[in-house]
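I have placed the structure first, in the form of structure tokens, so that the comments after it can refer back to it.
The values are calculated or read from the model by the stated rules, or taken from the named source; none is laboratory data. What you see is a predicted model; the values in this text were computed from it and never measured. Note that we place each Cβ from the backbone using ideal geometry, even for glycine, and neighbour counts take in every protein chain shown. These area figures cover heavy atoms from the full protein model, side chains too; ligands, DNA and RNA do not enter into them. Shrake-Rupley method; radii C 1.70, N 1.55, O 1.52, S 1.80 Å.
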Amino acid sequence: MATHDFTAQTLVILGRQPALGLAELESLYGASNLRPIEHGALLRVPTEEVDFRRLGGTIKTARVLAVLPHNDWASVSKYLKAEVPKHLATAVPGKFRLGLSVYGLDVTLPRLHMDLMAIKKSTKGLGRSIRVVPNKELALSSAQVFHNKLTRLGAWELLLVKNGKSTILAQTMFVQDIEAYAARDQARPRRDAKVGMLPPKLAQIIVNLAMGQVNPERINRWDKAEGTKMYVVFDPFCGTGVILQEALLMNYSVYGTDIDPRMIEYTEKNLQWLVKKYPSVEGRVALEVADATKHSWAGYAGVRFSRIASEVYLGRPLGAFPPEDKLKEIVSDTNTVIKKFLINLATQLQDERTICLALPAWRKPDGRFVHLPLMTKLTDMGYNIRKFKHVSSEDLIYYRENQVVCRELVVLTKRSL
């Protein structure tokens, strides 16, 4: 690879907005163990130690097999035709499924298909049936990998990722379970489009940015005095409970409040559904109706929270970008609510306590963003903004095309006075 001082064990393919995935990985595994590359990232962490199920910003996690000293397709293809049959000869017997994903290399789809058929032909002497998963694009989608079961025994997805003048060869070990995400998003008994529908993947990122590097052994430990897990994730704007849902699946206890009694009822129903669907969930749940701008959360139901992860009040939903005067009114109203919340929260936080909030930002038709005025006042309110080594804080905005109200992620710590 381009640098000899970073020995990567794991390759990750990031989601649609890679900055979010990079920040998440940096929070969980440390900046020194992470190296962004053009089409993903490298981790100096064994693949089996990467807790893939909790990663919202990563699509595929793969074990690095080799780093080829070239990035031209002719040389890469020649290597595959020579090496794949050798390794297939020692793979589990029976039918075998093979998929290939290419990132950044200069090859056409017809040429890729032709070389895949040549690899299949070269395995005829092995006396086994090889089925090649056809590429619709140069890289197989997560759905193709998932439905063709390419991360299980008797199957491979090989990744070829250009990295400067070299090519990384890796084998996918985990891929996003699209069906599980869809169920947690769409099959929950209570949903409300008016309060916004936070995607479970983004909720995972928010929780991970709040929690950071936690001791895995402590996640499962109970605080006997409090009667709950050592780590408690608190969401003061819990809505229908998506963040609490994802935190429970990560093995944390949760505490949620909302000003709307209906949202607390929805959250309770949704978390009851979750526990039935995932019986292994054992974290404690505490819910309370509360106004985040003036409530005191200390010790409710015997719960003390460890970190705060929340999508706060996003303001009015907008289907189209409003006139300038209307936007100023919306921004001002939203800024007032969130500022009151942050001032109230600062009086109740321990020093250095970490918070990750999804704040509203408004995307203009020209692609520029309108931010909350309070973003420049956070230090005055008693907070420090966390800076990441591998990604700019300004890039941590989740949005979809044609979406006006976006979510700007900010990681804060209570400033020591």
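Points to keep in mind about this one:
- GLU324, GLU401, reordered so the largest accessible area comes first (probe 1.4 Å): GLU401, GLU324
- The range 244-311: trypsin sites (Lys or Arg not before Pro) in DSSP loop, at most 11 other beta carbons within 10 Å: LYS294
- Scanning residues 5 or more positions from GLY154 or on other chains, those with amide H under 5 Å from its amide H are VAL92, with H placed 1.01 Å from N in the peptide plane.
- Protein-only accessible surface order, largest first, of SER122, SER27 at 1.4 Å: SER122, SER27
- Ligands, DNA and RNA aside, ARG191 has an accessible area near 90 Å² when probed at 1.4 Å.
- Full extension of the chain between SER332 and SER416 gives 27.4 nm of extra length, using 0.36 nm per residue less the Cα-Cα distance.
- Residues whose amide H comes within less than 5 Å of that of MET173, counting only those at least five positions distant or on another chain, are THR61, ALA62, ARG63 (H built at 1.01 Å from N in the peptide plane).
- Beta bridges by DSSP in the chain, antiparallel share as percent, to the nearest 5: 65 percent
- Percent RCO, i.e. relative contact order, over the range 1-101, from Cα pairs under 8 Å lying at least 6 residues apart: 31 percent
- Pairs over the 30 Å Cα-Cα cut-off, from the set LYS149/LYS269; LYS81/LYS165; LYS60/LYS86; LYS165/LYS201: LYS149/LYS269; LYS165/LYS201.
- Solvent-accessible area per residue for the range 72-116 (1.4 angstrom probe, square angstrom): 51 Å²
- Low-density loop cleavage sites - trypsin sites (Lys or Arg not before Pro) in the range 1-79, where at most 16 other Cβ are within 10 Å (DSSP): ARG16, ARG44
- For the pair GLN213 and GLU324, a Förster radius of 35 Å applied to the C-beta separation gives a FRET efficiency near 0.20, rounded to the nearest 0.05.
- Cα gyration tensor, the chain - rounded (a/c under 1.5), prolate or oblate: prolate
- The range 235-373 - percent of accessible surface contributed by carbon and sulfur, probe 1.4 Å: 51 percent
- Antiparallel beta bridges, as assigned by DSSP with both residues in the range 78-208, represent about 40 percent of the total such bridges.
- Relative contact order (percent, whole number), the chain, Cα cutoff 8 Å, 6+ residue spacing: 14 percent
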